[in-house]
Amino acid sequence: MEEKLEAEVLDDSKEDKKGILLESGTNEFEIVEFNIGEVNYGINVAKVREVITRVPVTAMPSAHPFIDGLFTLRGKTIPLVNLARVLKKKGSDNPQNIIVTEINNYDIGFLVDNVSRIHRISWKNMESAPDVGNDSLLVGLIKMTDKIVLLLDFERIITEINSEINSKLSPKVGKVDQTIKERRSKKHVVFAEDSNLLRDLVVNTMHESGYEFVRDFNNGKSALDYLESLKAANSNIYDMVDVVITDVEMPQMDGYHLLKVIKDDPDMRDLPVILFSSLINEEMRIKGKNLGAAAQVSKPEITNLIEILDEIIFGKKQ
């Protein structure tokens, strides 16, 4: 009976999931709540392909310690990550569910004790994770009436497991022609990203590439406040900002809502906005396009991000 109820909850969410994916910048998102031991965690529904009952896995020789093995779903072989082991938590002796995700165009399953339900939440109600050190896997928390749900950095987990993705976090800029650097140095970029690690990495890479004038923020609300302050100081925002780059998932204000506010403002609507997110898939591309994104780049393709930035600002690659 419990499994049937769980399946019904998740099946009923499919239409809601489709709806929220296609809605326009509501500054809301949905999370799948699950638990490891006594702790409640959440993952954005947009990252979840489906939730299944635990299935047998095939061991992988020399696999990463986080990976239990491989399982097959609809003809596709998918690695299974033991999330309790990742978190160094004591979970159930008999975990019941696998959350099958698609993140950074990479399919991976996460073994969890139980999946409970789906919550729809405003990004305003998501608080930034407390500063507990560089090794923290928390990106935020949501305080509910009777509990706290912790949001995990699944991108960071996948990056540690997948060497190909990990290599993209060490982009090689190479030697940049001085003329190109000078052209880039005159451009003003606004960048919103809540991950301290990735934000610093992108900003440093942009500086090395010649984009010296980069104002970075850890959420969409702070980025919008900055844009509005510039607009108040000078009626022509286009004299002061050339492009906005934004993550999608952020506390206070997500990237979709930031994009919508910019495009709804007659004084900023022509400002190009690039979405830089791990959620860039077919459905999310439709949403970004409908909201008016100038481009959409999957994390952590930093080199590709700079190439697209050049195309938008200068009309061609530098």
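Side notes on the structure shown:
- Residues being within 17 Å of the chain's Cα centre (by Cα), among the small types (G, A, S) and either outside any loop (DSSP other than H, G, I, E, B) or surrounded by 14 or more Cβ atoms within 10 Å (Cβ to Cβ) (or both) are represented in the range 24-44 by at least one member.
- Some residue of the range 260-278 being farther than 19 Å from I308 by Cβ, out of contact with any His (no Cβ under 7 Å at 6 or more places or on another chain) and hydroxyl-bearing (S, T, Y): no
- With respect to (1) at pLDDT 90 or above; (2) buried (at least 17 other Cβ atoms within 10 Å of the Cβ); (3) not hydrophobic (A, V, I, L, M, F, W, C), the lone exception for N94 is condition (2).
- The residues of the range 160-197 that are at pLDDT below 80 and within 21 Å of I108 (Cα to Cα), listed by number, are N162, S163, E164, I165, N166, S167, K168, L169.
- Restricting E208, E212, E182 to residues that are of a type in the set (D, E, K, R), touching a helix residue (DSSP H, G or I) at 6+ places or on another chain (Cβ under 7 Å) and open to solvent by 60 Å² or more (accessible area, probe 1.4 Å) narrows the list to E212.
- 2 or more residues out of contact with any strand residue (DSSP E or B) (no Cβ under 7 Å at 6 or more places or on another chain) and over 19 Å from S185 (Cβ atoms): qualifying helices (runs of 4 or more DSSP H) within the range 227-318: 255-264, 282-291
- Unmet requirement for P130, which otherwise passes all of (1) open to solvent by 60 Å² or more (accessible area, probe 1.4 Å); (2) touching a residue at least 12 places away in the same chain (Cβ under 8 Å); (3) under 21 Å from the mean Cα position of the chain (by Cα): (2)
- When each of A63, A46, A59 is tested for being among the small types (G, A, S) and in contact (Cβ under 8 Å) with a residue 40 or more places away in the chain, the lone residue that passes is A46.
- Scanning the range 73-87 for residues that are under 27 Å from S277 (Cα atoms) and open to solvent by 60 Å² or more (accessible area, probe 1.4 Å) turns up R74, K76, T77, R85.
- Taking residues in the range 279-290 that are touching a residue at least 12 places away in the same chain (Cβ under 8 Å), and partners anywhere that are assigned to a loop (DSSP other than H, G, I, E, B), the pairs with Cβ atoms closer than 6 Å and at least 6 places apart or on different chains are L279/V248.
- Filter result (open to solvent by 10 Å² or more (accessible area, probe 1.4 Å) and within 17 Å of E193 (Cβ to Cβ)) within the range 225-264: D225, Y226, E249, Q252, M253, H257
The values are calculated or read from the model by the stated rules, or taken from the named source; none is laboratory data. Only a predicted model underlies this, so the values are computations on that prediction, with no experimental measurement involved. With ideal geometry, Cβ positions are generated from the backbone for all residues, glycine too; neighbour counts draw on all protein chains shown. Side chains included, ligands, DNA and RNA excluded: accessible areas come from the protein's heavy atoms. Shrake-Rupley method; radii C 1.70, N 1.55, O 1.52, S 1.80 Å.
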